[in-house]
Amino acid sequence: MAATGIHESLWLDTFDWKQKYPKLTTDITAEICVVGAGISGLTVAYLLQKAGKKVILVEAGNIGSGETARTTAHLASALDDGFAHLKKLFGIDGLRLALQSHQEAIDFIANLTKKEKIDCDFAWLEGYLFPTTDEEAAELQKEAEVLAEVNVLKAQFKKLPIAKLSRYQSLVFAKQGQFHPLKYLAGLSKRFSSMGGEIFTNTYINEVKEKGEATILTTRDGRCIGAQYAVITTNTPFNDKVTMHTKQAAYRSYAVGLEIAKGVIPTALYWDMHQPYHYVRIYERKDQTSDILIVGGEDHKTGQDDNSEKRFLDLIQWAQTYFSNLGVCRYRWSGQIIEPVDSLAFIGLNPGDKRTFIATGDSGHGLTHGTIAGQLISDLILKRNNPWEKLYQPARKNWWAACEFAQENLNVAKQYLDTISPGEVKNSKVIAPGEGAVIRKGIKKIAVYRNKQGKLQKLSAVCPHLGCIVKWNKAETTWDCPCHGSRFNAQGEVLNGPAHTNLEKL
Ligand code: FES
């Protein structure tokens, strides 16, 4: 929840979504049912409908109301996990394919906005990767060498046009981009509908089962959708109970939007090399005297080490240290990033399934990974060859990532110890209005929330996914699970999977 006078997600605030879509009220059939109306879901739905298939799109909330509205909308083919690191994991050919696929994703968005006349503020930009220490400068030199070897992404060393950060040369990438994600989704969904595609919003799917030649998707209120293929694009796949969640982890990333005088820095994308890193872009406000400087970063594992207030303040302080002519903070929000152990998204058939496809593991490049998912999954369903199939397949095993894999699962195992630890507070009397905390009662852990009027609400603190204990997130006023990133609102209703049922009311 945003502080008083500060707006949440800049995109939700600067976009007026006028189209209303119905809720699914009867059983229905289609050739393909896509679940999730973010960039992956809408791209795959658009491409398949365009190819002559009968597609329906189902979304638990509204179009773009998930993580697409909570990105900072950088369109980058310069992958932030490092070229040398990706080369080690996937080899030089794998790295080349990964970079090509992300560049083609930006090209796809640029071409589509032109072809379908989608007014979404798309702009081609340069992207600056800048070091701030000697070690980072040396590392950047090595990154440039790997890039020269792979020879698909144009980059050159240049001085950063931000005086206080220009001690070292930056690596500058051509053909990066930015846009307004919700305006883009609005255009895509309009075009999808005009071709006969159907969209149902406020329709929550909580079960996907394959039966012979069909896939049956069941809504929370018992409606059935029968389809030849299901495509699950819900950030993290709720249809997969365990396998995929051992190969990726959920992180929170934070963003603030501060007023900045027009023209102080060139409109471009900027990324530092810290761990976790900062990412910066400009949102141009027409008919206003200032623009918005969007600064993101301060990532941490969901449900672990939550101190969102401090993270927002740290971002503001960082911006104030390096940028001049800043005004007040107008926006602040956070989003969920799903980080695969080997840095590339999982796109393709869900392991063990024959007709259910997934797209997950955005790795902080959700807009390009989502666009790749749209292209790749539509090709797989249409039985067309796609050179990216093997690189992104969800069942892949990457032995080089085995160490990260082991650490990830050790971290999850540690979270289970919380089931036997004491509560966060001794009793509910110390919980202030608008706050929550986990208390222990005998062997049970209880998630207690006191609403603004002082009334207590008690929920089981056990996450319905695989039984970890949730934690209170003060800034977002949510219950977050530290194991695989499920999130629930203060009343216990699920916001982010993999859990697909609410916290139990006590
Ligand atoms: Fe897996 Fe909570 S998200 S146990």
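The values are calculated or read from the model by the stated rules, or taken from the named source; none is laboratory data. All values derive from a computational prediction rather than experimental measurement. When we count neighbours, we look across all protein chains shown, and the Cβ atoms used for this are built from the backbone with ideal geometry, even at glycine.
Table for the structure above
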read-out: Verdict on Lys452 being among the charged types (D, E, K, R) and either assigned to a loop (DSSP other than H, G, I, E, B) or crowded, with 23+ Cβ neighbours inside 10 Å (or both); value: yes
read-out: Residue list for region 25-60, filter: out of contact with any strand residue (DSSP E or B) (no Cβ under 8 Å at 6 or more places or on another chain) and among the hydroxyl-bearing types (Ser, Thr, Tyr); value: Thr25, Thr26, Thr43, Tyr46
read-out: Check on Ala84, free of Cβ contacts under 8 Å to residues at least 60 places away in the same chain and either surrounded by fewer than 23 Cβ atoms within 10 Å (Cβ to Cβ) or among the aromatic types (Phe, Trp, Tyr) (or both); value: no
read-out: Hey, Glu298 assigned to a strand (DSSP E or B) and either over 23 Å from Gly91 (Cα atoms) or modelled with pLDDT under 95 (or both) or not; value: yes
read-out: Test: residue in region 76-96 that is of a type in the set (Gly, Ala, Ser), within 16 Å of the chain's Cα centre (by Cα), at pLDDT below 95 and not in a helix (DSSP H, G or I); value: no
read-out: Verdict on Asp16 being modelled with pLDDT under 85 and among the charged types (D, E, K, R); value: yes
read-out: Top-ranked residue of region 208-253 - restricted to ones that are without any contact (Cβ under 8 Å) to a residue 12 or more places away in the chain and assigned to a strand (DSSP E or B), ranked as surrounded by the most Cβ atoms within 10 Å (Cβ to Cβ); value: Ile216
read-out: Every residue from region 487-505 that is in contact (Cβ under 8 Å) with a residue 60 or more places away in the chain and closer than 28 Å to Gln407 by Cβ; value: Arg487, Asn496, Gly497, Pro498, Ala499, His500
read-out: Ser193 farther than 30 Å from Glu143 by Cα and surrounded by fewer than 18 Cβ atoms within 10 Å (Cβ to Cβ); value: yes
read-out: Residue satisfying all of: in region 262-300; of a type in the set (Asp, Glu) and on the phi > 0 side of the Ramachandran plot; surrounded by the fewest Cβ atoms within 10 Å (Cβ to Cβ) among these; value: Asp287
read-out: Lys444 at negative phi and modelled with pLDDT of 90 or more; value: no
read-out: Residue match in region 426-444 (condition: within 16 Å of the ligand (Cβ to nearest atom), assigned to a strand (DSSP E or B) and out of contact with any Lys or Arg (no Cβ under 7 Å at 6 or more places or on another chain)); value: no
